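Since every read-out is calculated from the coordinates, none of them should be taken as a lab result. All values reported here derive from a predicted model rather than from experimental measurement. When we count neighbours, we look across all protein chains shown, and the Cβ atoms used for this are built from the backbone with ideal geometry, even at glycine.
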Amino acid sequence: MNGPSRMGMPAARDYSAGAIVGRFARTIGIVLIFSVAGPLTMAALISLIAVALGATLLQMFLALLELEALRTMVSVAVVLLAIATMLAAILPAVAAGLVFALAAIYGGVNMIWMAWLAAAIAVAGFVAFGTFVVPSESSALILPDVRSAQQALKLSAVLAVLTIIPASLCWWLAKPLHRGSIVA
């Protein structure tokens, strides 16, 4: 049992091989949940925002210009946007999962705000990484093209707000792992 006991005294941490392996396995599980559920949720959220904001405008253009052929192209564009969002969200999701898992398993801080903070830290790191590293055109690495500190701060803030929903879902899905309620 991690954290304070019922009497308010800190509980002794178990350092047996089984407990260490169990904590490591729970950490890996949390990182995997964040790595899979985070990008999927982010892609769904971005696609929903794109469709919700663009649907009215698109309907107007399609009706005005009588371009029904664009419907298929728009559908393909939304799917490609979702795929690109998932690919771009993998690296920050892994980082957020690792930060949250370390804080929850080894630090005992497993509240939802810690998942949000971990996501914000991962986003800020991702944006900072994009500030200093410019991948080549043939690279599979997807990073934001940030040209100034002001742009980096704005992008970090917007992405941190957008990651609240995926981080919350990941926190909820990983609840049995970070609460330690699994049978060892």
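On the stretch given as the stretch 28-64, residues that are under 14 Å from Leu173 (Cβ atoms) and of a type outside the set (A, V, I, L, M, F, W, C) total 5.
To keep it simple, each residue is scored yes or no on (1) over 27 Å from Thr27 (Cα atoms); (2) outside any helix (DSSP H, G or I).
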site: Val78; (1), (2): yes, no
site: Leu81; (1), (2): yes, no
site: Met86; (1), (2): no, no
site: Ala95; (1), (2): no, no
site: Ile105; (1), (2): no, no
site: Asn110; (1), (2): no, yes
site: Trp116; (1), (2): no, no
site: Val134; (1), (2): yes, yes
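The residues in the stretch 142-164 that are among the β-branched types (Val, Ile, Thr), closer than 16 Å to Ala120 by Cα and without any contact (Cβ under 8 Å) to a residue 24 or more places away in the chain can be counted, and the count is 2.
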